[in-house]
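Read the structure below first, then the notes.
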Amino acid sequence: MAIVVCRFCRSWRGPRELSLLDRRSSRELILFDRRARHASGTPSSLSLFDAELQRCADGAAVLQVAARSHLPFVLADLEAFLARLKFFRKMPKSGGDLRRFLDKVEAALPQCGSDGAQLALATFAELRCRQGALVAWPLVLQSRSDLAAAGIAESVWAASAIPNPPHDIVYDAVGLARQLTPCMQELPASLLYRSIYGLARIHEGRGSQELLRRAVGPVETIG
């Protein structure tokens with residue numbers, strides 16, 4: 001007979017007793033099982049928050065779901081929340097719910113790899129959420145060697161879309177753009193153009209004309 005340990009009273013319980021646990025305790029046990037499978041190489045692609053997120057009417061409600069929960073995020077949760085926010089195309093830019101949501105995102109990103117960091121940065125940039133983009137940016141830089149050309153191009157664009165980007169992010173984006181230069185021919189025309197447009201924005205007045213000229217060539221060739 002399967003047994004589990006109750007998180008709250010530390011006693012052994014069988015399946016019948018488990019059914020008497022409150023909803024929050026049951027969710028934690030499911031979360032433990034999912035993360036155990038993730039550690040063993042068989043991760044679940046579903047988020048425990050999927051049903052709640054589908055009931056949300058706007059971006060504010062999405063943040064409230066995260067703020068009310070005591071559960072940390074895994075990659076599936078991060079993907080689910082960002083997809084729902086992107087669906088609404090709008091999210092609060094301040095407030096306690098946003099801060100608690102971003103705390104969960106920041107705690108989860110180191111375990112989400114380069115794909116998770118890139119997804120978070122691109123989504124927050126698109127939604128013009130400065131605080132969220134600033135949380136994701138350091139993780140993107142840490143994984144820059146793992147990014148494909150398309151990911152580098154998206155990151156350059158995302159840096160330009162951050163409202164009032166800090167000078168250090170502008171400087172870092174210059175390095176990413178230089179990393180992109182040798183592989184420009186690999187990019188779709190639309191993505192290359194968007195990246196170059198972003199580069200022009202963040203480099204305006206910063207002596208980047210030579211780098212921009214090198215970047216514009218492939219776009220003209222494609223066009």
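Annotations for the structure displayed:
- Residue in the range 195-204 that is at pLDDT below 75, under 22 Å from GLN131 (Cα atoms) and either in a helix (DSSP H, G or I) or in contact with a Ser or Thr (Cβ under 7 Å, 6 or more places away or on another chain) (or both) present: yes
Let's see how each residue does on (1) more than 15 Å from the chain's Cα centre (by Cα); (2) part of a helix (DSSP H, G or I):
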{"position": "GLN131", "(1), (2)": "no, yes"}
{"position": "SER155", "(1), (2)": "no, yes"}
{"position": "ALA159", "(1), (2)": "no, yes"}
{"position": "PRO163", "(1), (2)": "yes, no"}
{"position": "ILE169", "(1), (2)": "yes, yes"}
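- Residue that is most open to solvent (accessible area, probe 1.4 Å), among those in the range 72-111 that are over 17 Å from SER47 (Cβ atoms) and part of a loop (DSSP other than H, G, I, E, B): ARG89
- Residues in the range 49-63 that are surrounded by fewer than 19 Cβ atoms within 10 Å (Cβ to Cβ) and either in contact (Cβ under 8 Å) with a residue 40 or more places away in the chain or over 16 Å from GLY132 (Cβ atoms) (or both): ASP50, ALA51, GLU52, GLN54, ARG55, ALA57, ASP58, ALA61.
- Of all residues in the range 9-18, none are within 19 Å of the chain's Cα centre (by Cα), surrounded by fewer than 13 Cβ atoms within 10 Å (Cβ to Cβ) and either at negative phi or modelled with pLDDT of 50 or more (or both).
- Test result for SER114, in a loop (DSSP other than H, G, I, E, B) and modelled with pLDDT under 95: no
The values are calculated or read from the model by the stated rules, or taken from the named source; none is laboratory data. What you see is a predicted model, and the numbers here were worked out from it, not measured in a lab. Neighbour counts are summed over all protein chains in view; Cβ atoms, including those assigned to glycine, are modelled from backbone coordinates with ideal geometry. Just so you know, the surface numbers come from the protein's heavy atoms only, side chains and all, with ligands and any DNA or RNA stripped out. Shrake-Rupley method; radii C 1.70, N 1.55, O 1.52, S 1.80 Å.
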